[in-house]
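Here the structure comes first, spelled out in structure tokens, and everything after it is commentary.
The values are calculated or read from the model by the stated rules, or taken from the named source; none is laboratory data. In this text, all values refer to a predicted model and were calculated from it rather than measured experimentally. Cβ coordinates were reconstructed from backbone atoms using ideal geometry, including for glycine residues, and neighbour counts include every protein chain displayed. For the accessible areas, the whole protein counts, side chains as well, though only heavy atoms, and no ligand, DNA or RNA atoms are used. Shrake-Rupley method; radii C 1.70, N 1.55, O 1.52, S 1.80 Å.
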Amino acid sequence: MMFEITNDESCWKSYFSLWPGFCTLHHPMFWSEEERNRLLLGTGVAVAVEKDLINIEEEYDSIVLPFMKSHPDTFDPRKHTLDLYKKLVAFVMAYSFQEPDEDEDEELKSLNPPMMVPMADILNHVANHNANLEFTAECLKMVSIKKINGGEEIFNTYGQLANWQLLHMYGFTQPYPSNTHEALDIEMHLVYDAAMQAVKTEEEKKLLAEKWEFLTELEVIGEEGDFVIGQSGVLTEEELYSTLKVLSMTMEEFEEYKANDGWEEEEEDDDISSLTNSVIPKLKPAWKQLLHNTVRMRLKSYSSGLKEEEATLANVENYRQLSKQEHDSLQVRYAQKMILHRLLQLTV
């Protein structure tokens with residue numbers, strides 16, 4: 001693609017001309033580091049972008065640049081730069097299509113690369129979409145899933161994505177509360193940190209560490225894992241349920257649980273099939289307190305509070321004057337904080 005976009009004779013020239021200089025790409029990777037840290041602190045976007053930038057640069061230096069140097073008649077590193085490569089990565093991220101693959105073999109999945117499909121990529125995304133893209137052996141079809149009136153915009157779906165994911169991958173957000181797939185991550189280690197706050201003795205500290213190590217061995221939790229919370233409840237419900245349960249056990253309960261390798265008879269009040277907003281208030285008091293404390297710690301990761309976001313949204317004139325970066329980051333922060341504050345109320 002770097003060759004085609006810098007080739008005046010390219011048959012794709014008219015297609016690329018729709019994005020002159022890629023100035024319409026609003027991904028946070030093109031924001032300044034100061035903007036990302038100031039506007040996206042705590043949302044998960046800034047961390048994801050930093051990883052992207054590191055991976056892109058490593059890929060360019062270790063794969064792309066050596067390949068170009070081995071084909072000097074075709075490529076020129078002075079023209080096919082890291083900056084251009086970064087823009088094209090974002091371009092493919094935002095406008096490509098990838099056929100769904102149910103194959104569990106990761107090697108086979110890697111053989112199913114993203115595709116650029118002119119015309120199909122002109123449709124915007126909303127959670128409440130009215131059309132779906134269907135892959136067939138002969139072509140791609142955009143099929144309506146509900147009645148679309150004359151003059152009404154046709155909306156595709158890019159998937160069940162929260163605003164932080166839309167901003168990270170596509171450079172836009174949906175205004176609250178229109179994104180019905182809104183969600184946020186809580187780093188698994190925060191639950192451990194919250195439990196540690198209640199520890200009073202060295203014996204309790206040691207027991208907590210043993211519980212956490214056992215959950216890790218069972219692969220319930222991971223060192224860099226996250227619990228995912230949606231608008232209607234916990235999306236990683238089995239993992240969070242097991243974590244709250246084990247960390248709230250007495251020493252005797254944990255020893256028995258460990259002796260059975262994490263297996264035990266289901267109790268009548270145990271329902272791991274759901275951790276919805278209607279179920280959470282019915283959890284055992286110790287579990288709710290641990291979850292409540294975890295949420296409070298998660299809220300401290302932001303640089304502003306919910307009331308500040310509400311005040312900005314309520315002031316229509318000020319809201320209109322926000323830059324696109326400020327607007328999108330506000331939508332991400334506000335939606336996440338609304339979920340967290342609802343969880344606080346459910347665990348009181």
Problem - Pair list, Cβ < 7 Å and 6+ apart or interchain, from the stretch 250-267 residues that are surrounded by 12 or more Cβ atoms within 10 Å (Cβ to Cβ) and at pLDDT 90 or above to residues that are part of a helix (DSSP H, G or I) and β-branched (Val, Ile, Thr) - result: Phe254/Val246; Tyr257/Val246
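Conditions (1) open to solvent by 40 Å² or more (accessible area, probe 1.4 Å); (2) more than 30 Å from Ile339 (Cα to Cα); (3) of a type in the set (Asp, Glu); (4) modelled with pLDDT of 95 or more, marked per residue:
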| position | (1), (2), (3), (4) |
| --- | --- |
| Trp19 | no, yes, no, no |
| Leu25 | no, no, no, no |
| Phe30 | yes, no, no, yes |
| Arg38 | yes, no, no, yes |
| Ile56 | no, yes, no, yes |
| Glu59 | yes, yes, yes, yes |
| Leu65 | no, yes, no, yes |
| Pro72 | yes, yes, no, yes |
Practice task
Consider Ala46 carefully, then state whether it is part of a helix (DSSP H, G or I) and at pLDDT below 95.
Solution key: no
Handout entry: Residues of the stretch 27-70 that turn out to be of a type in the set (D, E, K, R) and farther than 17 Å from Gln165 by Cβ, as a count
Key = 9
Exercise for the section: Given the conditions (1) of a type in the set (S, T, N, Q); (2) open to solvent by 60 Å² or more (accessible area, probe 1.4 Å); (3) farther than 23 Å from Asn277 by Cα, report the number of the one that Gln325 does not fulfil. Expected result: (2)
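Condition check ((1) of a type in the set (Val, Ile, Thr); (2) open to solvent by less than 40 Å² (accessible area, probe 1.4 Å); (3) touching a residue at least 12 places away in the same chain (Cβ under 8 Å)) across all residues:
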{"residue": "Gln165", "(1), (2), (3)": "no, no, no"}
{"residue": "Tyr170", "(1), (2), (3)": "no, no, yes"}
{"residue": "Pro177", "(1), (2), (3)": "no, no, yes"}
{"residue": "Glu182", "(1), (2), (3)": "no, yes, yes"}
{"residue": "Met188", "(1), (2), (3)": "no, yes, yes"}
{"residue": "Met196", "(1), (2), (3)": "no, no, yes"}
{"residue": "Glu213", "(1), (2), (3)": "no, no, no"}
{"residue": "Glu217", "(1), (2), (3)": "no, no, no"}
Problem - Verdict on Lys300 being at pLDDT 95 or above, over 20 Å from Ala162 (Cα atoms) and either crowded, with 20+ Cβ neighbours inside 10 Å or out of contact with any Pro (no Cβ under 7 Å at 6 or more places or on another chain) (or both) - result: yes
Fill in the blank from the handout: Of those in the stretch 106-121 that are part of a loop (DSSP other than H, G, I, E, B) and under 23 Å from the mean Cα position of the chain (by Cα), the residue modelled with the highest pLDDT is Pro114
Handout entry: helices (runs of 4 or more DSSP H) completely within the stretch 269-348 that count 1 or more residues being touching a strand residue (DSSP E or B) at 6+ places or on another chain (Cβ under 8 Å) and either free of Cβ contacts under 8 Å to residues at least 12 places away in the same chain or of a type in the set (Val, Ile, Thr) (or both)
Key = 285-299, 324-346
Handout entry: Filter pass, Gly222 being open to solvent by less than 40 Å² (accessible area, probe 1.4 Å) and either free of Cβ contacts under 8 Å to residues at least 60 places away in the same chain or acidic (Asp, Glu) (or both)
Key = yes
Handout entry: Cross-chain or 6+ apart pairs with Cβ under 6 Å, the stretch 118-130 first and in contact (Cβ under 8 Å) with a residue 60 or more places away in the chain, then not in a loop (DSSP other than H, G, I, E, B)
Key = Pro118/Tyr15
Completion exercise
Taking the stretch 19-49 and keeping residues closer than 16 Å to Leu84 by Cα and of a type in the set (A, V, I, L, M) leaves Leu25, Met29
